[in-house]
């Protein structure tokens, strides 16, 4: 779900950056665009609003063309899904839109390698059975509900766990299992004595 929002935010940001002119102080002086070599459909983008096109930086022009090419390569179903996500995005409260755009900005600041790792992790998550995904999401909600200091402690323990070798993790699991068995037996003994 978050990847879908990131995709929607990406589309929104790219559309905003190609349709909104830069502030006057940041505008480069108008210059002729080397668009004669472009295919006719791409030239039409420029010819719809040549003044706006001239105000875009070369990077913004390139991004606008890449976005257009990406849009054209999408299937009708993908375009419809993108339109629907954009409609949903526009209907969100301003603070939610802001959070999504900030997430998108953080995503863009990640290295290509880190984005690939996160995308692969998301894809693995999506392939999990629904009940497993729900258990993971429930644990995440529980973590988010913890007070900040306790959440920090849990995350530090998790990071420590990640640094452990598989053998160290196995030993801790075994110790935990033995400890739980003893603590489970104690209440039963207490109940037996009470009778």
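What to note about this one:
- Across the range 118-162, the fraction of Cα-Cα pairs farther apart than 15 Å, rounded to a whole number, is 58%.
- Packing, taken as the mean count of other beta carbons within 10 Å per residue, orders the peptides 138-144, 43-49 from highest to lowest as 43-49, 138-144.
- The listed peptides 64-70, 106-112, ordered by packing as a protection proxy, come out as 64-70, 106-112 (highest mean of other Cβ atoms within 10 Å first).
Taken together, the values in this text are just the output of simple stated rules run on the coordinates, not laboratory data. As the structure is a prediction and not an experimental result, all values here were calculated from the model. Note that each Cβ is placed from the backbone with ideal geometry, even for glycine, and that neighbours are counted across all protein chains shown.
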